[in-house]
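Student: Take a look at the following structure, please.
The values are calculated or read from the model by the stated rules, or taken from the named source; none is laboratory data. As the structure is a computational prediction, the values presented were derived from the model and not from experiment. Backbone-built Cβ (ideal geometry, glycine too); neighbour counts: all protein chains shown. These area figures cover heavy atoms from the full protein model, side chains too; ligands, DNA and RNA do not enter into them. Shrake-Rupley method; radii C 1.70, N 1.55, O 1.52, S 1.80 Å.
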Amino acid sequence: MDRIEGLTRRRLVAATALAPALMTLGEARAQGVQPKRGGVLNALLTPEPPVLVLGVNSQGPTLQAASKIYQGLFKFSPTLEALPELAQSWSLSADKRSYTFKLQPNVTFHDGKPMTADDVIFSITRFHAELSPRARSIFAKIKEATAPDPLTVVFTLDTPFDPFLLMFDVTTCAIVPKHIFDVDGAKAAEFRNNPGNQRPIGTGPFMFGEWQRGSFIRLKRYDGYWKPGQPYLDEIIFRIVPDSQSRGVALQTGQVQMSAGNDIEPFDVPRFQQQANLDMTTKGWELFSPLMWLELNHRTKPLDDVRVRTALSHAIDRDFVLRRLWFGVGKVATSPVASTTRFHEPGLKLPGFDTKKAISLLDEAGLKPNAQGVRFSIRHLTLPYGEVWTRLAEYLRTAFKAVGVELVLESSDTGGWASRVAEWNYDTTINFLYQFGDPTLGVERTYVSSNIQKIVFTNTGAYKNTKVDELFAQARGAADPKERQAAFGAVQKLLVEEIPQVWIMEMAFPTFTDKKVRNAVQLGTGVHGSYDDVFLA
């Protein structure tokens, strides 16, 4: 092993030294604040997650809360530099195929059992490989996984794979206890139905305490945490407040000290930016780079016609959506790869707002309006993540009506939404997916035909194009970044021509914190950090 992947040895040592707390005692004292133990952080969580086991569920609220219970091998800086977490250090062989991870010593799960290399290998090659189609295709590249000793793991790939390290953040690959889940050769169904899912057990700084459905989730300090003296907080309580106005009141009055993601509706952001006791940032989404689109089920005619899909793109005023619904928080999409993600192709243009072109294309497709002016009708499953998504659905209904398309709105809760999308029981919906720093990890899954599955966040829309499949495969297999850029550039151009989904916005979510909350957003994953270094001043 002759080099450290992504870091020089000197920088790795520095990163390791900083790992226990991103704000050191010296830095805190220089600011007149010393990290201290104690206190309860009350945070909003919207909507309520269905479960708190990462891998079993990967929706946004689950990731935010459960990232305090579980940990990954690494965490990532805002520039996507890998920093030590459960992996103390790592090295890469000269042929770029074998990764050796040295694990942190003295790490235990919340039930007191030690975390070892066996847990890491099980989590990666079985648990997440079974549960996550995205992980499965990547971890299939692991041809050998060995544990030379309890604190060393070696993964040998079939070929070099450039974005491999990006797979090991907690939100993608949390390390779970083998002794809980490895029961009689269990697979995905057994993992999802494991009784242990009711009381999740991880290695993180906070352990599961209590969950009163519809009210709150309480996490409490794990006294056996492997970083001495941490975490600082006694508890984190995630408050489940379905009503957006009540969430706003809770933040305004100090009943909660933090909001993130969908907690505060975009139309309320300007008001809270003016509140003296609050700080706001849109940082902390660098790894995820969420991109939002109108998802189309290609099984539903006439959505299988590129002219119709292009017409729907022309019917949407993205600038209006950004300015009037999201109040400028975000950016208009130009490609299926976000501008903040590696290998984004600049200069691409989506079919822009033009109702005349939309009408002309629908006429060309032979979709003439009836006596009521309706060319065709489709069901739209509204995303149940807050009021702004309802407003977006209502805007789309109005925008499509202007070109003769009837959008029939249907509602559901978060679990029902995920179930219906997974069962292909929708015509259109709104979706936004994380890109995880590289198109192979977060973009490819939506468009390759091999990933058409009855699982949410796969190619549920059933888009098929052999050339797209070939270009994504080429980018996945290339070791040279220039080759990957060429393949990704070509596939983005092709997708923009075909409009398999109607991309709308690059999302940016505001995080509001009371000024006494320190270190809430320090990483490229923001509020999805472990929070072992968060404290109340």
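Student: Could you size up the charge dipole of the chain around its Cα centre, putting +1 on the beta carbon of Lys and Arg and -1 on that of Asp and Glu, and report it in debye to the nearest 20?
Tutor: That gives the chain a dipole magnitude of about 480 debye.
Student: Now for a separate question. Please list, short to long, the whole-number percent of alpha-carbon pairs of region 373-430 in consecutive 5 angstrom bins beginning at zero.
Tutor: 4, 20, 30, 22, 15, 8, 1, 0
Student: Under 1.5 on a/c is rounded, so check that first for region 179-262, then, if it is not, pick prolate when a/b is larger than b/c and oblate when it is not; a ≥ b ≥ c are the square roots of the alpha carbon gyration tensor eigenvalues.
Tutor: Verdict is oblate for region 179-262.
Student: Whole-Hz Karplus ³J(HN,Hα) for region 303-312, in order, using 6.51 cos²θ - 1.76 cosθ + 1.60 and θ = phi - 60°, x for Gly and Pro?
Tutor: For region 303-312, the Karplus-derived couplings read 5, 7, 9, 4, 5, 5, 5, 5, 4, 4 Hz, x marking Gly and Pro.
Student: 7 Å from Cα along Cα→Cβ at both LEU409 and VAL374: what's the point-to-point distance in nm?
Tutor: 1.6 nm
Student: Moving to a separate point now. At 10 °C and 1.306 mPa s, grab the translational diffusion coefficient of region 48-179 from Stokes-Einstein with a Kirkwood Rh over Cα pairs, rounded to a whole number in µm² per second.
Tutor: Calculated translational D: 106 µm²/s.
Student: Taking 8 Å as the Cα distance limit and 6 or more residues as the minimum spacing, I'd like the relative contact order of region 455-537 as a percentage.
Tutor: 18 percent
Student: Report, in deg cm²/dmol and to the nearest 500, the calculated mean residue ellipticity at 222 nm for the chain, where each DSSP H run with n ≥ 4 adds -39500 (n - 2.57) and the sum is divided by the residue count.
Tutor: Helix-only estimate at 222 nm: -7000 deg cm²/dmol.
Student: Once every Cα of region 137-226 carries one equal point scatterer and solvent is ignored, give the base-10 log of I(q)/I(0) from the Debye formula at q = 0.17 Å⁻¹, two decimals.
Tutor: -1.03
Student: Can you tell me the order of 413-424, 187-198, 69-80 when each peptide is scored by its average per-residue count of other Cβ atoms within 10 angstrom, highest first?
Tutor: Per-residue Cβ counts within 10 Å, averaged per peptide and sorted highest first, yield 69-80, 413-424, 187-198.
Student: Tell me, in nm to one decimal, what length is gained between THR159 and ALA462 on full extension, where the rule is 0.36 nm per residue of separation less the Cα-Cα distance?
Tutor: Using 0.36 nm per residue and subtracting the Cα-Cα distance, I get 106.2 nm.
Student: Note down the magnitude of the dipole of region 380-537 about its Cα centre, charges +1 on Lys and Arg C-beta and -1 on Asp and Glu C-beta and zero elsewhere, to the nearest 20 debye.
Tutor: Charge dipole of region 380-537: 160 debye, to the nearest 20.
Student: Under 20 °C and 1.002 mPa s, how fast does region 203-307 diffuse according to Stokes-Einstein, given a Kirkwood radius computed over C-alpha pairs? Answer in µm²/s, whole number.
Tutor: Estimated diffusion coefficient is 122 µm²/s.
Student: Pop a pseudo-label 7 angstrom from the Cα along the beta-carbon direction at both VAL306 and SER246 and give the gap in nm to one decimal.
Tutor: 4.9 nm
Student: Accessible surface of ARG324 in the full protein assembly, 1.4 angstrom probe, to the nearest 10 Å²?
Tutor: Counting only protein heavy atoms, ARG324 exposes about 140 Å² to solvent.
Student: Right, something else. Just name one of ALA537, ALA393, TYR426: the one whose Cα is farthest towards the positive end of the charge dipole of the chain (beta-carbon charges, Lys/Arg +1, Asp/Glu -1).
Tutor: It is ALA537, whose Cα lies furthest towards the positive end.
Student: Any chance you could run the full-extension gain for GLN274 through ASN425? It's 0.36 nm times the residue separation minus the Cα-Cα distance, nm to one decimal.
Tutor: Here the answer is 50.1 nm.
Student: Using 20 Å as the Cα-Cα cut-off, could you pick out the over-long pairs in LYS75/LYS227; LYS227/LYS283; LYS349/LYS493; LYS68/LYS113?
Tutor: LYS227/LYS283
Student: At a probe size of 1.4 Å, how large is the accessible area of SER93, to the nearest 10 Å²?
Tutor: 20 Å²
Student: OK, next. Return the long-range amide H neighbours of GLY204 (sequence gap of 5 or more, or a different chain), with a cut-off of under 5 Å between placed amide H atoms.
Tutor: TYR70, GLN71
Student: Accessible area per residue for the chain in Å², computed with a 1.4 Å probe and the full protein assembly in place, what is it?
Tutor: Per-residue accessible area for the chain comes out at 38 Å².
Student: Within the chain, what whole-number % of the accessible surface is contributed by carbon and sulfur, with the 1.4 Å probe and all protein chains included in the calculation?
Tutor: 51 percent
Student: Whenever you get a sec, line up VAL183, VAL153, VAL521 from highest to lowest accessible area (probe 1.4 Å, protein heavy atoms).
Tutor: Ranked from most to least accessible, the order is VAL183, VAL521, VAL153.
Student: How big is region 446-537 in terms of Cα radius of gyration and Dmax, in angstroms?
Tutor: Cα radius of gyration and Dmax of region 446-537 are 19.3, 56 Å respectively.
Student: While we're on this one: If R0 is 35 Å, what FRET efficiency do you get for GLU483 and LYS454 from their C-beta distance, rounded to 0.05?
Tutor: For R0 = 35 Å, the calculated efficiency reads 0.55.
Student: Now, a different point. If one puts a single equal scatterer on every Cα of the chain and applies the Debye formula without solvent, what log₁₀ I(q)/I(0) results at q = 0.12, 0.13 Å⁻¹?
Tutor: Per q value, in the given order, log10 I(q)/I(0) is -1.18, -1.37.
Student: Nearest 10 degrees, 0 to 90: what angle lies between the long axis of helix 9-18 and the longest principal axis of the chain (Cα atoms)?
Tutor: 80 degrees
Student: Right, here's the next one. By its C-alpha gyration tensor, with a ≥ b ≥ c as the square roots of the eigenvalues, how is region 434-474 shaped: rounded for a/c under 1.5, else prolate for a/b larger than b/c, else oblate?
Tutor: oblate
Student: Still on this model: Under 5 Å between amide H atoms, partner at least 5 residues away or on a different chain: which partners does VAL502 have, H built in plane at 1.01 Å?
Tutor: LEU294, LEU296
Student: Return the sequence-ordered ³J(HN,Hα) values of region 167-181 in whole Hz as given by the Karplus equation 6.51 cos²θ - 1.76 cosθ + 1.60 applied to θ = phi - 60°, using x for Gly and Pro.
Tutor: Ordered by residue, 3J(HN,Hα) equals 7, 10, 6, 4, 6, 9, 8, 5, 7, 10, x, 4, 5, 8, 9 Hz.
Student: Considering Cα pairs under 8 angstrom that are at least six residues apart, work out the relative contact order of region 279-431 and quote it in whole percent.
Tutor: 28 percent
Student: Go through ASP182, ASP268 and list them by solvent-accessible area, largest first, probe radius 1.4 Å.
Tutor: Correct descending sequence by accessible area is ASP182, ASP268.
Student: Kindly state, to the nearest 0.05, the FRET efficiency for LEU494 paired with ALA537, given R0 = 30 Å and r defined as their beta-carbon distance.
Tutor: In this case the efficiency is close to 0.05.
Student: Can you work out the Karplus-derived ³J(HN,Hα) for every residue in region 375-390? Use 6.51 cos²θ - 1.76 cosθ + 1.60 with θ = phi - 60°, whole Hz, and x for glycine or proline.
Tutor: Coupling constants for region 375-390: 7, 7, 10, 9, 8, 10, 8, 5, 6, x, 10, x, 5, 4, 6, 5 Hz.
Student: Another question, if that's okay. Under 5 Å between amide hydrogens, which residues at least 5 positions from VAL107 or on another chain qualify, with H placed 1.01 Å from N in the peptide plane?
Tutor: Those lying under 5 Å, H to H, from VAL107 are MET115.
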